[in-house]
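Here is the structure we will look at, set down as C-alpha cells.
The values are calculated or read from the model by the stated rules, or taken from the named source; none is laboratory data. Just so we're clear, the structure is a prediction, and the values are computed from it rather than from any experiment. Note: ideal-geometry Cβ built from the backbone for every residue, glycine included; neighbour counts use all protein chains shown.
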C-alpha cells in the first residue's frame, strides 16, 4: 500500500487538526504532527523557504499548504514522485473541500475520502506490481 498516514496541522501553531494512520508510524499523533510542524517552521524562519518533501529509505513525507493548514501524507519510500504528488494533491483538495464548512461532520467526510483514496491507491499499487511482474516474465 502506498498511502501510510495523513496529518493535517495548523500552519502557524502546529496544532493537530486531523490524523489518520494506515499502519506505518507508531506514536503519539500530536507529537508527530508537532515535530513535522516544527520542521516546517524552522525552515520558514531560517531559510525563508518551505519544505515540500522529506525522503527516507522507508517513508516519504510530502507537504502541501491547504488554507491555514498544512497537509502531510506519508507514503512508501519506493513510491514514484509524480504519483505521490498526485496523491498529496487529492488529499489536500479533499481537505479544502471539507474545511469550507465546520464541525465534526466535515472531518468525518474528509476521513471517508482519505479512506477511499487509500483503498484506490492500494489497488493501483497492486495492479502496478502485477504489471511489473508480467513484464519480467515476458
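List of remarks:
- Out of 68, 76, sole residue that is surrounded by fewer than 16 Cβ atoms within 10 Å (Cβ to Cβ), in contact with a strand residue (DSSP E or B) (Cβ under 8 Å, 6 or more places away or on another chain) and over 21 Å from residue 119 (Cα atoms): 68
- Lone unmet requirement of (1) crowded, with 21+ Cβ neighbours inside 10 Å; (2) under 19 Å from residue 117 (Cα atoms) for residue 82: (1)
- Meets criteria (in contact with a strand residue (DSSP E or B) (Cβ under 6 Å, 6 or more places away or on another chain) and at pLDDT below 85) for residue 25: yes
- In the range 65-83, the residues that are at pLDDT 90 or above and closer than 12 Å to residue 3 by Cα: 72, 73, 74, 75
- The set of residues from the range 9-58 being assigned to a helix (DSSP H, G or I) and in contact (Cβ under 8 Å) with a residue 12 or more places away in the chain comprises 29, 30, 32, 33, 34, 36, 37, 38, 39, 40, 41.
- Among the conditions (1) part of a helix (DSSP H, G or I); (2) modelled with pLDDT under 85; (3) touching a strand residue (DSSP E or B) at 6+ places or on another chain (Cβ under 9 Å), the only one that residue 105 does not satisfy is (3).
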